[in-house]
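Taking it in order: structure first as structure tokens, then the write-up.
The values are calculated or read from the model by the stated rules, or taken from the named source; none is laboratory data. As the structure is a computational prediction, the values presented were derived from the model and not from experiment. Cβ: placed from backbone, ideal geometry, glycine included. Neighbour counts: every protein chain shown.
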């Protein structure tokens with residue numbers, strides 16, 4: 001159950017969030033809880049969650065270890081500060097910052113090499129959905145973004161399915177639409193890495209997840225968790241999703 005704060009919260013707001021949030025989810029020991037925070041909030045988040053069942057990740061990572069790459073953050077830097085997870089290829093990174101399947105792959109490998117756990121994001125645009133191209137898009141993104149990994153590397157990633165038309169729009173893919181897309185991803189994984197790898201792959205659903213729809217989404221056999229955007233910004237709301 002992962003939350004993506006996007007470009008919200010100062011370090012002080014981060015501390016206040018976790019002061020309220022951590023006690024609300026302390027009993028949820030049968031699931032992993034992750035918050036992907038802005039870079040400047042990572043230290044505050046890690047301090048506030050130390051000793052708890054909440055893990056912290058970043059929202060992006062660069063593929064080089066160091067160098068003249070102004071504004072970038074390496075996987076080694078994230079690991080050094082204590083982050084455990086990182087989002088890769090979020091639709092907003094693809095839409096606004098030129099992320100491609102090729103760079104998703106490079107970032108994923110860099111994260112794995114440094115010992116981070118990547119949540120690799122895939123998903124189709126509204127035009128793709130309306131044209132019946134969802135599975136084609138997912139195959140392209142899977143092939144370019146993760147199919148080049150070794151079996152050992154692939155076993156260490158999580159995939160998040162985010163239909164772009166459902167992110168921040170209030171539109172949520174129906175549980176059946178989400179389940180069908182997850183089944184497609186799982187079939188792609190099985191075809192490339194074997195049935196056991198396909199079965200073991202954890203696939204999160206992201207796209208206007210709210211406390212009101214979390215239980216219905218999570219009732220689908222193919223959905224292993226959620227990647228929550230706006231609803232992860234309030235401790236009570238995100239706790240309700242985590243504790244669905």
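From the residues in the range 19-43 that are closer than 23 Å to residue 78 by Cβ and free of Cβ contacts under 8 Å to residues at least 60 places away in the same chain, which one is surrounded by the most Cβ atoms within 10 Å (Cβ to Cβ)?
37
Which residue, of 185, 177, is touching a strand residue (DSSP E or B) at 6+ places or on another chain (Cβ under 9 Å) and in a helix (DSSP H, G or I)?
185
Within the range 128-182, how many residues are out of contact with any helix residue (DSSP H, G or I) (no Cβ under 8 Å at 6 or more places or on another chain), surrounded by fewer than 16 Cβ atoms within 10 Å (Cβ to Cβ) and modelled with pLDDT under 90?
So the answer is 2.
What is the number of the single condition among (1) surrounded by fewer than 17 Cβ atoms within 10 Å (Cβ to Cβ); (2) part of a helix (DSSP H, G or I); (3) modelled with pLDDT under 95 that residue 236 does not meet?
Of everything listed in (1) surrounded by fewer than 17 Cβ atoms within 10 Å (Cβ to Cβ); (2) part of a helix (DSSP H, G or I); (3) modelled with pLDDT under 95, residue 236 misses just condition (3).
For the range 49-123, which helices (runs of 4 or more DSSP H) that fit wholly inside it have 2 or more residues that are surrounded by fewer than 19 Cβ atoms within 10 Å (Cβ to Cβ) and touching a helix residue (DSSP H, G or I) at 6+ places or on another chain (Cβ under 8 Å)?
Numbers: elements: 75-81, 91-97, 101-114.
Of the helices (runs of 4 or more DSSP H) lying wholly inside the range 49-123, those with at least 2 residues that are surrounded by fewer than 19 Cβ atoms within 10 Å (Cβ to Cβ) and touching a helix residue (DSSP H, G or I) at 6+ places or on another chain (Cβ under 8 Å) span 75-81, 101-114.
Hey, could you check the range 188-214 for residues that are in contact with a strand residue (DSSP E or B) (Cβ under 9 Å, 6 or more places away or on another chain) and in a helix (DSSP H, G or I) and say which is farthest from residue 136 (Cα to Cα)?
214
Consider the range 138-173. How many of its residues are part of a helix (DSSP H, G or I) and either on the phi > 0 side of the Ramachandran plot or in contact with a strand residue (DSSP E or B) (Cβ under 8 Å, 6 or more places away or on another chain) (or both)?
Looking only at that region, the number is 4.
When you look at residue 6, is it under 27 Å from residue 208 (Cβ atoms) and assigned to a loop (DSSP other than H, G, I, E, B), yes or no?
Answer is yes for this residue.
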